[in-house]
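Worksheet: the structure to be examined is printed underneath.
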Amino acid sequence: MPDSKRDPSQLRSARWFAPDDLRSFGHRSRIKQMGFDTPDYQDKPVIGILNTWSDMNTCHTHFRDRAEKVKQGVWQAGGFPMEIPVMTLSETFMKPTSMYYRNLVAMEVEETLRCYPIDGAVLMGGCDKTVPSLIMGATSANVPSIFLPAGVMLKGCWKGETLGSGSDVWKYWAERRAGNLCEDAWSEIEDGIARSPGTCMTMGTAATMMAIAEVLGLSLPGSSSIPAVHSAHSRMASACGRRIVDLAWDQVKPCDILTEQAFDNAITADMALGGSTNAIIHLIAMAGRAGIKLDLERFDEISQKTPVIGNLRPSGKYLMPDFYDAGGLLAAMNRIRDFLHLDCLTVSGASLGENIDGAQVIDEDIIRPLDRPVSASGGTFVLRGNLAPDGCVIKPTAAEARLLKHRGPAVVFSDYKDLKERLNDDDLDISADHIIVLQNAGPIGAPGIPEWGMLPIPDKLLKQGVRDMVRISDSRMSGTSYGTCVLHVAPESAIGGPLALVQTGDYIELDVEARRIHLDVSDEELATRKAQWKAPEVRFQRGYGKLFAEQITQANEGCDFKILHHGPDTPEPEIH
Ligand code: FES
């Protein structure tokens, strides 16, 4: 852009540094306290590098180094970098679930961007909920931002077998419980499944959300597919630093990029890649921050017309490093370009169409041709019925086909503790045709709608060779999980949704093709049960838990806090 448009007095940070007054003296002198001199920062955009590095987040261990690369790029482009740690969300260690804290981090990000002299931000995330939380916060603050994806870890390996994050953990754990895997083998798998920095390398929630951030237009073209330890990842980090300086000068803000068409593109990409079911909740929440209402039906409409071309686990065969070598997201999006709104703006300064022009698929088995897809229609279906009046979802590509139309008696567990205590009881009357139902595992019930939805199959059935059953809950499941799992049932059981009224022995009908889930109990009987239903006790009387319970919305609404939804502009902070 012409330098004439680069008026330093228009920078947001100029309000802190430019005036000849007492407060600005304090701001300038404290920059000098860090060893910087006036030419280092004066008349330059201040770039906040929001880093979710932490020893507690094993997927982000390379972020200290990458933040230095970002700084290098910012300096090169004439900006002034300032690294700011924000709370990380470790999918591995956080309890009850990282999802419980997504909105807290989004709030932290929004307020961090608002309260400091920041003209542009680089958002460093990757491990599942770090992606939506950073984007939700930056969207609400509406400060020019670029998302830097962590990239995936190396593929796992055990005795020459490729191991995929999550998916192979569930698979081999089932074998261990079935008595088919010894302790030594289990320990060797533990050694070989997570071999480098980076996120899970299946098409789980992290890979899905990083791809979505790029398709939305918030990441540099091609960046989301680069494995974490690839040298291209460091180069991409520097490029993010250079590019955000221009975005700050040009005042290109998240809400300029996050249009309805951009969200349609993101849903299309999610479906075409066989992405995580979690993406639905996050996309609804992210769109909500931009003032865009996404209905579950929009996901189903796009799902029905979008072929799954990413042959990636858990829906397919390959892992994300293979996807990168096969051409990555740019090639995949170029292949489905007729399904996309190509004129959407992106942080590169070019349109999505321009970004993907000419991107070539290198391996046709990993990124399938349109006439030989993994599945003719999308990866996630939305179901409705008297059991889920506000909807629920299933990922049919990760389920056994024979179960997609199924009628069976329910075996009900009132909460996760009950499930753990009784699932492997020898006296439990359960067969492969039963439907396992878990109650009180939703946004308020669990709380935090954790990834419990791939409900375990009883050991005695595993020993008989059963590896999939119909399972229904108001919780989520990991993007790396698989099975005939009906998820996100809304309204949830903890607020008296129909799931709370299911009793062991009730028959449930699942018909995925017809998008139907039906509890075969009369309306009169359900009304009687509802009249007798008692809400679970309120668990938290203070603190974040209380705020969470009061503010959280249901899965079909994105599980954002009501007070954080898009609304009138929040005033800039007074400086005095
Ligand atoms: Fe971090 Fe899976 S645990 S992405």
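The values are calculated or read from the model by the stated rules, or taken from the named source; none is laboratory data. Everything numeric in this text was worked out from a predicted model, so none of it was measured. Here the Cβ positions follow ideal geometry from the backbone for every residue, glycine too, while neighbour counts run over all protein chains shown.
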Looking at (1) within 16 Å of the ligand (Cβ to nearest atom); (2) on the phi > 0 side of the Ramachandran plot, which is the only condition Tyr482 fails? (2)
Being of a type in the set (D, E, K, R) and either in contact with a Lys or Arg (Cβ under 9 Å, 6 or more places away or on another chain) or within 22 Å of Thr480 (Cα to Cα) (or both) narrows it down to one residue among Asp184, Asp191; which is it? Asp191
Scope the range 273-288; condition in a helix (DSSP H, G or I), touching a Lys or Arg at 6+ places or on another chain (Cβ under 8 Å) and more than 18 Å from Ala141 (Cα to Cα); matching residues: Asn278, Ile281
Any residue in the range 221-243 that's under 22 Å from Gly353 (Cα atoms): show its pairings with residues that are part of a loop (DSSP other than H, G, I, E, B) and of a type in the set (Val, Ile, Thr) at Cβ separation under 6 Å, as long as the two are six or more apart or on different chains. Met236/Ile226
Residue check: is Phe381 closer than 16 Å to Ser473 by Cα, aromatic (Phe, Trp, Tyr), at pLDDT below 95 and surrounded by 20 or more Cβ atoms within 10 Å (Cβ to Cβ)? yes
Being closer than 29 Å to Ser133 by Cβ and surrounded by fewer than 17 Cβ atoms within 10 Å (Cβ to Cβ) is the filter here; which residues of the range 165-189 pass it? Trp173
Residue identified as buried (at least 18 other Cβ atoms within 10 Å of the Cβ), in contact (Cβ under 8 Å) with a residue 40 or more places away in the chain, within 23 Å of the chain's Cα centre (by Cα) and under 30 Å from Pro498 (Cβ atoms) among Gly327, Gly391: Gly391
Name the one entry in Met201, Met210 that is buried (at least 24 other Cβ atoms within 10 Å of the Cβ) and part of a loop (DSSP other than H, G, I, E, B). Met201
Give just the number: which of (1) part of a helix (DSSP H, G or I); (2) away from the ligand (no atom under 16 Å from the Cβ); (3) surrounded by 22 or more Cβ atoms within 10 Å (Cβ to Cβ) does Thr268 not satisfy? (3)
Is it the case that the range 154-164 has a residue that's surrounded by 24 or more Cβ atoms within 10 Å (Cβ to Cβ), away from the ligand (no atom under 16 Å from the Cβ) and modelled with pLDDT of 95 or more? no
Which of the helices (runs of 4 or more DSSP H) contained wholly in the range 11-130 include at least 2 residues that are within 30 Å of Gly558 (Cβ to Cβ) and of a type in the set (Asp, Glu)? 102-115
Among the candidates Glu550, Glu509, Glu524, which residue alone is among the charged types (D, E, K, R), without any contact (Cβ under 8 Å) to a residue 60 or more places away in the chain and out of contact with any helix residue (DSSP H, G or I) (no Cβ under 9 Å at 6 or more places or on another chain)? Glu524
Quick check: anything in the range 185-197 over 30 Å from Val122 (Cα atoms), at pLDDT below 95 and within 16 Å of the ligand (Cβ to nearest atom)? no
His341 being in a helix (DSSP H, G or I) and more than 30 Å from Cys157 (Cα to Cα): no
Residue that is in a loop (DSSP other than H, G, I, E, B) and closer than 19 Å to Val489 by Cα, where the choices are Gly408, Gly448: Gly448
Mind telling me which of the residues Ala138, Ala150 ends up being crowded, with 24+ Cβ neighbours inside 10 Å, within 14 Å of the ligand (Cβ to nearest atom) and of a type in the set (A, V, I, L, M)? Ala150
Among the residues of the range 155-167, write down those that are free of Cβ contacts under 8 Å to residues at least 40 places away in the same chain, within 19 Å of Thr480 (Cβ to Cβ) and not aromatic (Phe, Trp, Tyr). Cys157, Glu161, Leu163
Listed by first then second residue, the pairs whose first member lies in the range 190-206 and is within 25 Å of Ala269 (Cβ to Cβ) and basic (Lys, Arg), whose partner is within 11 Å of the ligand (Cβ to nearest atom) and in a loop (DSSP other than H, G, I, E, B), with beta carbons under 8 Å and at least 6 positions apart or on separate chains, are none
Checking Lys460 against (1) part of a helix (DSSP H, G or I); (2) closer than 24 Å to Lys95 by Cα; (3) not hydrophobic (A, V, I, L, M, F, W, C), only one condition comes out false. Which one? (2)
Pair list, Cβ under 7 Å, 6 or more apart: the range 428-450 residue closer than 17 Å to Asp415 by Cβ, other residue outside any loop (DSSP other than H, G, I, E, B) and charged (D, E, K, R): Leu428/Arg422; Ile436/Arg471
Answer yes or no: is there a residue in the range 43-63 that is surrounded by fewer than 16 Cβ atoms within 10 Å (Cβ to Cβ), more than 16 Å from the ligand (Cβ to nearest atom), without any contact (Cβ under 8 Å) to a residue 60 or more places away in the chain and closer than 24 Å to Cys115 by Cβ. no
Taking the condition surrounded by 19 or more Cβ atoms within 10 Å (Cβ to Cβ), more than 19 Å from the chain's Cα centre (by Cα) and more than 17 Å from Ser219 (Cβ to Cβ), does Arg335 pass? yes
Failed item in (1) part of a helix (DSSP H, G or I); (2) within 18 Å of the chain's Cα centre (by Cα), with Gly241 passing the rest: (2)
For Ser133, all conditions in the list (1) under 27 Å from Asp322 (Cβ atoms); (2) touching a Gly at 6+ places or on another chain (Cβ under 8 Å); (3) within 16 Å of the ligand (Cβ to nearest atom) hold save one; what is the number of the exception? (1)
